[in-house]
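Chemist: Before we start, here is the structure in question, set down as structure tokens.
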Amino acid sequence: MASEEWDDSAPSPSGPPPVVNRVRRMMTLFRGVERRLGAQLDLNHTDLLAMEIISRERQVTPSRLAAQLGVTSAAATFVIDRLISAGHVSRQPHPTDRRSTVIATVPESVGQVASLLAPLGVQIWDCYSELDERDRAAVDTFLDNLGDLFEAIVVDEPGSRPRRAKSVD
């Protein structure tokens, strides 16, 4: 059986194809990067995930944050309070609903996170820029397809299949 083909219906004595092991390695290393970033910012895993959600959405209501974290409203309140105490986020009046609040990142915290992640971003770009146009397109397609696969799992839609990007010729 060629390494590009993998029949996952039967166990293979040689294990999964190398690409699966490479993806597993990257996922393990990424979790390590997250732990290190969390330690540098004095944030636990849930707090770091909340920061990612709040940063991505710019502003988020406490109930939406709870839903995205998969925790109760009370647990989300504890997360928000910890992030406020650490100076990472602020609670602000909701722009259209006077009865509600939104949580937003504090600019200084965003700058701190950016300064910690910037060197990694530069190094990723350096690796990517060494590739020729065709190889970049192949990497882009692979990462898009992998992202779609993970997104389908995270979204947890029964029977959903990730879209397949066009292959690079």
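Chemist: Would you confirm, using the coordinates I've provided, whether G32 is in a helix (DSSP H, G or I) and loosely packed, with under 13 Cβ neighbours inside 10 Å?
Modeler: yes
Chemist: From L41, L37, L48, grab the single residue that is surrounded by 16 or more Cβ atoms within 10 Å (Cβ to Cβ) and in contact with a Gly (Cβ under 6 Å, 6 or more places away or on another chain).
Modeler: Of the residues listed, the single one that is surrounded by 16 or more Cβ atoms within 10 Å (Cβ to Cβ) and in contact with a Gly (Cβ under 6 Å, 6 or more places away or on another chain) is L48.
Chemist: Restricting to segment 70-89, what's the tally of residues that are buried (at least 16 other Cβ atoms within 10 Å of the Cβ) and in contact with a helix residue (DSSP H, G or I) (Cβ under 7 Å, 6 or more places away or on another chain)?
Modeler: Total satisfying the criteria: 7.
Chemist: Is there any pair with a first residue in segment 112-139 that is modelled with pLDDT of 90 or more and a second that is among the aliphatic types (A, V, I, L, M) and surrounded by fewer than 10 Cβ atoms within 10 Å (Cβ to Cβ) whose Cβ atoms are under 9 Å apart and which are 6 or more apart or on different chains, and what are they?
Modeler: Every condition considered, no pair remains.
Chemist: Among the residues of segment 103-122, are any within 22 Å of the chain's Cα centre (by Cα), surrounded by fewer than 14 Cβ atoms within 10 Å (Cβ to Cβ), more than 17 Å from E52 (Cα to Cα) and of a type in the set (A, V, I, L, M, F, W, C)?
Modeler: Yes - at least one qualifying residue is present in segment 103-122.
The values are calculated or read from the model by the stated rules, or taken from the named source; none is laboratory data. Bear in mind that the values here come from a model prediction, so they are computed numbers and not experimental data. When we count neighbours, we look across all protein chains shown, and the Cβ atoms used for this are built from the backbone with ideal geometry, even at glycine.
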